[in-house]
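Asks: Below: one structure in structure tokens.
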Amino acid sequence: MTEHKTPKEKKSGKKLNLAEHKKTFLGGGLILAVAIAGITTGIFLIPPPPIKERVFIWGTTGLATIDPMLYGNGENFAILENIVETLFGYEFSADGPKIVQKLALGGNWSPDHLNYTCFLRQGVTFHDGSPFNASAVKWNLDRIYRLKDYIYWAFWVHPDGTPILNFTKTRVIDQYTIRFVLNKPFFPFEALLGAGPKIVSPLSTPYDNFSNFVTDKLVGTGPFEHYSSDVIYDSDLDEYYINGTTLLRYDDYWGETPNFDKIVIKIFDNATKKAEALLSGEIQGGQPNPFDPIVYENAGLNLFNWTSTEVYYICMNNDIVNNTMRKAISYALDYDRLVPLGMEFIGSAPEVTRARSPLSLGMLYSNWKDFELPVLNITRARQVLKEANLPGTADLTANDNVSAGNEWERLVEDGNPLARFNFSYVVNWDFHREMALLFQHNLTQIGINITITPRIFPDYRDDYFSGKSQFILYGWQPDYNDPSNNMHSFTREADDNLAGVNDTYFQDLLENAAQEYNETLREQEYLEIQQYFIEELCPVILWYTPLTRFPLSSKIAGYNLYNNWNLPFYEWYFLQ
């Protein structure tokens, strides 16, 4: 741990002889004032004012974990990434997504793409003074494998369960070279390394357990070091709570020297209190999830707008809702009413845009213009059902008549619907009930009966994953900058199992794209994947992506949001 001290101050009126005075000038010191009290009394120096510590205060509603191997929320990751670093990084920008060097300087693939020889940055030290090298990287990889049963292991495996990396065969070549061995070719491996492992010090981190705020400090190579945490013990619940934490500038950082001396992380009970603290100047920033609208209108704040890399869906259980039904539902929904409800779901978006691909804007190979996106078209929705020759549709007309008592609506009213589904909604989310009612009304117009069921949040989620409910609201933000990370999440094998897609053609497309090293061919494959997903498979309802306003004190400059979870505090600075 680097020791940080306030510069010692000179006492007022200290008497210096001429030799000492000469040394002051020769040493480059700055003398603000000199009082000559006579030839015989010497020279008196009025000391400079003490150097003011540059303290940036950040507000959050909670820190879930100190160990970067454990799952936490976005705010948690953003703070930890100022302490620990990855081998590579990834940025989303107007020029497109790209991979950037961090602790690694690049690497070479073997001809069979099963070995990746990675070259590491030299002269880097951990905050505890120990060296960063290939052995430290191997130790971090071994720790992942050691604790794989307790972490988000799906991050490190292919959809079929095969580990992406052969952890036991990966070898240290020399002090600054490590050779990764893959079980099968995986093009986005560098992108994966941009998300993890987040390299921690082997000297200061438990190998077979997780670090925690109570007994440990997180020790990495980042621009700030974890100095202390304020921990509160609740005897009634027998639990510890984090009341705040402090980061200090790491003076031996290998990269750009941070502009702040200290980062203070303050914890607030809720977002409203966090917003009030920002308006009062108690904090200088905090992620908007959500902030009161008055925050966005305050003249003392800068608002940075960015289109999020998040995409929100209304997932459909593909095992229960077949392809015919999914297509018909996709064309039966009133998106003009449905999409704006996303602002209430996320809580901090000033506006939302209909998502036009499962890949967010700015994501590698994302295409939002060339595919036929389902829109409200009752005639087409009804035609899909008739063409499938569903029982009860032979005498129906595929038209746009939605007047009360129309023949499609009467199927539901008479108790003879084409299908019955359940839509569970969270009981205290008013907008969610509104969505459920909208679904119910829209799908009645294509002869589908929707039962809406109010549930508390854990039960609402369990209803979907147990098959009791066929729809769930879900959002996805890329863990790393490659479309394979997004697209595999829809398959049945995925840990998240957003839709449970069980489509051999789709899975073959994903498998081929993940192993394709020709950039031109790979881009074409992901265009085909998106087209098949949007126009044929229809596994989810593409809902919206938010435009988010990020509030920061007008006293802060240097802001640049590279991706949704990254907060590069070391680049920010106070305006004079």
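Asks: Please list, ordered by first then second residue, the pairs with beta carbon atoms under 8 Å, 6 or more apart or interchain, first in region 350-362 and assigned by TED's automatic domain parsing to the domain that holds H488, second of a type in the set (A, V, I, L, M, F, W, C) and part of a loop (DSSP other than H, G, I, E, B).
Replies: These pairs meet every condition: R354/L373; R356/W368; R356/F371; R356/L373; S357/W368; S357/F371; L361/W368; G362/F92.
Asks: When Y331 is evaluated against the numbered criteria (1) in contact with a Lys or Arg (Cβ under 8 Å, 6 or more places away or on another chain); (2) surrounded by 17 or more Cβ atoms within 10 Å (Cβ to Cβ); (3) free of Cβ contacts under 8 Å to residues at least 40 places away in the same chain, which criterion, by number, is the only one it fails?
Replies: It fails just one condition, (3).
Asks: Next question, about the same structure. When you scan region 137-156, how many residues do you find that are under 20 Å from the mean Cα position of the chain (by Cα) and either over 16 Å from T168 (Cβ atoms) or assigned by TED's automatic domain parsing to the domain that holds M69 (or both)?
Replies: 4
Asks: If a residue has to be more than 24 Å from Q515 (Cβ to Cβ) and in contact (Cβ under 8 Å) with a residue 60 or more places away in the chain to count, how many in region 112-128 make the cut?
Replies: 7
Asks: Determine whether T205 is hydroxyl-bearing (S, T, Y) and out of contact with any His (no Cβ under 9 Å at 6 or more places or on another chain). Walk me through how you get there before you give the answer.
Replies: Values: hydroxyl-bearing (S, T, Y): yes; out of contact with any His (no Cβ under 9 Å at 6 or more places or on another chain): yes.
In short, yes.
Asks: Additional query: May I ask you to verify whether R410 is among the basic types (K, R), at pLDDT 95 or above, buried (at least 20 other Cβ atoms within 10 Å of the Cβ) and over 19 Å from L473 (Cα atoms)?
Replies: Details: among the basic types (K, R): yes; at pLDDT 95 or above: yes; buried (at least 20 other Cβ atoms within 10 Å of the Cβ): no; over 19 Å from L473 (Cα atoms): yes.
No: the conditions fail for R410.
Asks: Do you know which residues across region 126-162 are of a type in the set (G, A, S) and buried (at least 17 other Cβ atoms within 10 Å of the Cβ)?
Replies: Restricting attention to region 126-162, the residues satisfying the condition of being of a type in the set (G, A, S) are 129-130, 134-136, 154, 161.
The answer is A134, A136.
Asks: Counting just the residues of region 163-209 that are closer than 21 Å to P111 by Cβ and of a type in the set (S, T, Y), which one comes out surrounded by the fewest Cβ atoms within 10 Å (Cβ to Cβ)?
Replies: This residue is T177.
Asks: Condition check: surrounded by 15 or more Cβ atoms within 10 Å (Cβ to Cβ) and either modelled with pLDDT of 90 or more or hydrophobic (A, V, I, L, M, F, W, C) (or both). Does R337 satisfy that? I'd like the intermediate steps shown before the answer.
Replies: Values: surrounded by 15 or more Cβ atoms within 10 Å (Cβ to Cβ): no; either modelled with pLDDT of 90 or more or hydrophobic (A, V, I, L, M, F, W, C) (or both): yes.
Judged against the criteria, R337 is not a match.
Asks: Can I ask one more? Going by the conditions given, is I529 of a type outside the set (S, T, Y), at pLDDT 85 or above and surrounded by fewer than 22 Cβ atoms within 10 Å (Cβ to Cβ)?
Replies: Values: of a type outside the set (S, T, Y): yes; at pLDDT 85 or above: yes; surrounded by fewer than 22 Cβ atoms within 10 Å (Cβ to Cβ): no.
When the stated conditions are applied, I529 does not pass them.
Asks: Kindly indicate which of T245, T257 is surrounded by 21 or more Cβ atoms within 10 Å (Cβ to Cβ) and touching a helix residue (DSSP H, G or I) at 6+ places or on another chain (Cβ under 9 Å).
Replies: Numbers: T257 fails: surrounded by 21 or more Cβ atoms within 10 Å (Cβ to Cβ).
Every option except T245 fails the conditions.
Asks: Within region 527-553, take every residue that is hydrophobic (A, V, I, L, M, F, W, C) and outside any helix (DSSP H, G or I) and give me the one that is farthest from Q287 (Cα to Cα). Walk me through it before giving the result.
Replies: Taking region 527-553 and keeping what is hydrophobic (A, V, I, L, M, F, W, C), we get 527, 529, 533-534, 537-538, 540-543, 547, 550, 552.
Still in the list and also outside any helix (DSSP H, G or I): 538, 540-543, 547, 550, 552.
Numbers: C538: 33, V540: 29, I541: 28, L542: 25, W543: 23, L547: 14, F550: 7, L552: 9 Å.
Checked region 527-553; the qualifying residue farthest from Q287 (Cα to Cα) is C538.
Asks: Out of the residues in region 97-120 that are surrounded by fewer than 19 Cβ atoms within 10 Å (Cβ to Cβ) and farther than 22 Å from K169 by Cβ, state the one that is modelled with the highest pLDDT.
Replies: L105
Asks: So, one more: Go through region 129-152 and give me each residue that's part of a loop (DSSP other than H, G, I, E, B), closer than 13 Å to I199 by Cβ and not hydroxyl-bearing (S, T, Y). Please lay out each step first, then the result.
Replies: Taking region 129-152 first, the residues part of a loop (DSSP other than H, G, I, E, B) are 129-130, 132-133, 147, 151-152.
From the residues that got through so far, the ones that are closer than 13 Å to I199 by Cβ too are 130, 132-133.
The answer is F132, N133.
Asks: Let me ask another. Quick one: how many residues across region 180-202 are touching a helix residue (DSSP H, G or I) at 6+ places or on another chain (Cβ under 9 Å) and closer than 22 Å to G123 by Cβ? Write out each step before concluding.
Replies: First pass over region 180-202, keeping only residues touching a helix residue (DSSP H, G or I) at 6+ places or on another chain (Cβ under 9 Å): 180, 182, 184-188, 191-192, 195-202.
From what's left, closer than 22 Å to G123 by Cβ: 197-202.
The qualifying residues number 6.
Residue-wise test of (1) in a strand (DSSP E or B); (2) of a type in the set (A, V, I, L, M); (3) more than 17 Å from F569 (Cβ to Cβ).
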residue	(1), (2), (3)
I232	yes, yes, yes
L237	no, yes, yes
L248	yes, yes, no
K266	yes, no, no
L279	no, yes, yes
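Asks: I would also like to ask the following. Looking for whichever is among the polar types (S, T, N, Q) and in contact with a strand residue (DSSP E or B) (Cβ under 6 Å, 6 or more places away or on another chain) here; the options are N449, N485, N428. Which one fits?
Replies: Values: N485 fails: in contact with a strand residue (DSSP E or B) (Cβ under 6 Å, 6 or more places away or on another chain); N428 fails: in contact with a strand residue (DSSP E or B) (Cβ under 6 Å, 6 or more places away or on another chain).
Within the list N449, N485, N428, the selection yields N449.
Asks: Regarding region 445-459, can at least one residue be identified that is assigned to a helix (DSSP H, G or I), out of contact with any Ser or Thr (no Cβ under 9 Å at 6 or more places or on another chain) and of a type outside the set (D, E, K, R)?
Replies: Initial filter on region 445-459 (assigned to a helix (DSSP H, G or I)): 457-459.
Still in the list and also out of contact with any Ser or Thr (no Cβ under 9 Å at 6 or more places or on another chain): 457-458.
From the residues that got through so far, the ones that are of a type outside the set (D, E, K, R) too are 457-458.
Looking through region 445-459, at least one residue is assigned to a helix (DSSP H, G or I), out of contact with any Ser or Thr (no Cβ under 9 Å at 6 or more places or on another chain) and of a type outside the set (D, E, K, R).
Asks: So for region 491-509 (the condition being buried (at least 22 other Cβ atoms within 10 Å of the Cβ) and in a helix (DSSP H, G or I)), does at least one residue qualify?
Replies: No; the residues of region 491-509 include none that is buried (at least 22 other Cβ atoms within 10 Å of the Cβ) and in a helix (DSSP H, G or I).
Asks: Further question: Report yes if R420 is outside any helix (DSSP H, G or I), of a type in the set (K, R) and touching a strand residue (DSSP E or B) at 6+ places or on another chain (Cβ under 9 Å), otherwise no. If you could, list the steps in order and put the result at the bottom.
Replies: Details: outside any helix (DSSP H, G or I): yes; of a type in the set (K, R): yes; touching a strand residue (DSSP E or B) at 6+ places or on another chain (Cβ under 9 Å): yes.
So R420 passes the test.
The values are calculated or read from the model by the stated rules, or taken from the named source; none is laboratory data. Every value quoted in this text rests on a predicted model; they were computed, and no experiment measured them. Positions of Cβ are backbone-derived with ideal geometry, glycine not excepted, and every protein chain shown enters the neighbour counts.
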